[in-house]
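Report on the structure given below.
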Amino acid sequence: MELPSPLITQSPDRLGGTPVFAGTRVPIQTLIEYLEASHPLDQFLEDFPSVTREHAVAVLELAKDVLVQRSPAA
């Protein structure tokens, strides 16, 4: 399956501009909250079937890349 580009979209007309998985109405924040609560990725995917595993992992990798690039050197 081909991933959407961009992975994340925002629109004032959709959930008040909340960043969502492209092609869905599922907020990125929801995935973060699931993981913060120690829920496995599989639970998120089961609860939000419009998001594929590949899409969720790609968003997490994007977030990791942004955080690593912005992290101050130790």
Qualifying chymotrypsin sites (Phe, Trp or Tyr not before Pro) in the chain, DSSP loop, other Cβ atoms within 10 Å at most 15: none
Only four residue types carry charge here, +1 at the Cβ of Lys and Arg and -1 at the Cβ of Asp and Glu. Report the dipole size of the chain about the Cα centre in Debye, rounded to the nearest 20. 240
Computed [θ] at 222 nm, helices only, for the chain once each DSSP H run of length n ≥ 4 contributes -39500 (n - 2.57): -14000 deg cm²/dmol
Hey, any idea what % of the chain's accessible area is carbon plus sulfur with a 1.4 Å probe? 54
Taking the alpha carbon gyration tensor of the chain, what are the square roots of 5 times its eigenvalues, largest first, to the nearest whole Å? 20, 16, 13
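The values are calculated or read from the model by the stated rules, or taken from the named source; none is laboratory data. Predicted model only: the values in this text are computed from it and were never measured. Cβ atoms come from the backbone with ideal geometry, glycine included; neighbour counts cover every protein chain shown. For accessibility, only protein heavy atoms count, side chains too; no ligands or nucleic acids. Shrake-Rupley method; radii C 1.70, N 1.55, O 1.52, S 1.80 Å.
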